[in-house]
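**Q** I'd like to ask you about the structure that follows.
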Amino acid sequence: MTSTATALRRDPTAQAFLLMRVVFTVAPILFGIDKFAEVLTDDWTKYLAPEFNDLLPGSASDAMHIVGIVEIAAGLVVAIAPRFGGLIVAGWLGGIIVSLLLVGGYGDIALRDFGLLAGALSLSRLATAYAAAPQSAPAGPVGATRGPSHTHVPA
């Protein structure tokens, strides 16, 4: 069994890193696609603050298509470079939070997105730890407290 497979079986931090990497890859891509498909909501523009819409060219609908493209790109960056992608997603979520608060009436969604922002930052930090880990180091026995500096999950 490879050291990566061993780490994924035995190391909770490796499992958390992989889970967060998958979620922060898939979710932005799906949300981005939905800006065009409109399955989750039939009006994404209601979440766009007029202050942001004024900065972007075209209509609010055009702006949401730009948002969709950025979200798809952010998900792809997380898949390829989670350390950097996590920061991009966190920054993007910060912008969404500001927009929701400016629109008003969406404080609950803004709070949820703040939790996602914290998760994206955590992904970036975990990716930093795994990128610095030696590639050939063993994962260690089950229950050991050897963290990311002793295991490697490809970033």
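**Q** List pairs: first residue in the range 45-56 and at negative phi, second residue in a helix (DSSP H, G or I) and polar (S, T, N, Q) anywhere in the structure, Cβ distance under 7 angstrom, at least six positions apart or on different chains.
**A** THR45/SER61; TYR47/SER99; LEU48/SER99; ALA49/SER99; PHE52/SER99
**Q** Could you check MET1 against (1) part of a helix (DSSP H, G or I); (2) over 21 Å from the mean Cα position of the chain (by Cα); (3) modelled with pLDDT under 90 and say which number it fails?
**A** (1)
**Q** Surrounded by 18 or more Cβ atoms within 10 Å (Cβ to Cβ), closer than 17 Å to SER99 by Cα and either in contact (Cβ under 8 Å) with a residue 60 or more places away in the chain or of a type in the set (Val, Ile, Thr) (or both), is that true of VAL77?
**A** Criteria not met by VAL77.
**Q** Quick check on my filter: what residues within the range 37-66 are among the hydrophobic types (A, V, I, L, M, F, W, C), within 20 Å of TYR106 (Cα to Cα) and part of a helix (DSSP H, G or I)?
**A** Correct list: TRP44, PHE52, ALA60, ALA63, MET64.
**Q** Can you tell me which condition ALA14 does not meet? The list is (1) at pLDDT below 95; (2) out of contact with any Leu (no Cβ under 7 Å at 6 or more places or on another chain), and all the others hold.
**A** (2)
**Q** Spot the failing condition for SER99; the list is (1) outside any helix (DSSP H, G or I); (2) of a type outside the set (A, V, I, L, M, F, W, C); (3) within 21 Å of the chain's Cα centre (by Cα), and only one is missed.
**A** Every condition holds for SER99 apart from (1).
**Q** Which of the residues that make up the range 1-33 are charged (D, E, K, R) and either surrounded by fewer than 15 Cβ atoms within 10 Å (Cβ to Cβ) or more than 19 Å from ALA120 (Cβ to Cβ) (or both)?
**A** ARG9, ARG10, ASP11
**Q** What do you reckon, is GLY75 part of a loop (DSSP other than H, G, I, E, B) and not β-branched (Val, Ile, Thr)?
**A** Judged against the criteria, GLY75 is not a match.
**Q** Follow-up. Just a yes or no: is a residue in the range 29-44 touching a residue at least 60 places away in the same chain (Cβ under 8 Å) and under 22 Å from the mean Cα position of the chain (by Cα)?
**A** no
**Q** Another one. Taking into account only those residues within the range 45-70 that are touching a Lys or Arg at 6+ places or on another chain (Cβ under 7 Å) and within 21 Å of ALA90 (Cβ to Cβ), which is surrounded by the fewest Cβ atoms within 10 Å (Cβ to Cβ)?
**A** Among residues in the range 45-70 that are touching a Lys or Arg at 6+ places or on another chain (Cβ under 7 Å) and within 21 Å of ALA90 (Cβ to Cβ), the one surrounded by the fewest Cβ atoms within 10 Å (Cβ to Cβ) is GLY68.
The values are calculated or read from the model by the stated rules, or taken from the named source; none is laboratory data. Being a predicted model, the structure only gives us computed values, none of them experimental. As a convention, Cβ positions derive from the backbone with ideal geometry for all residues, glycine included, and neighbour counts pool all protein chains shown.
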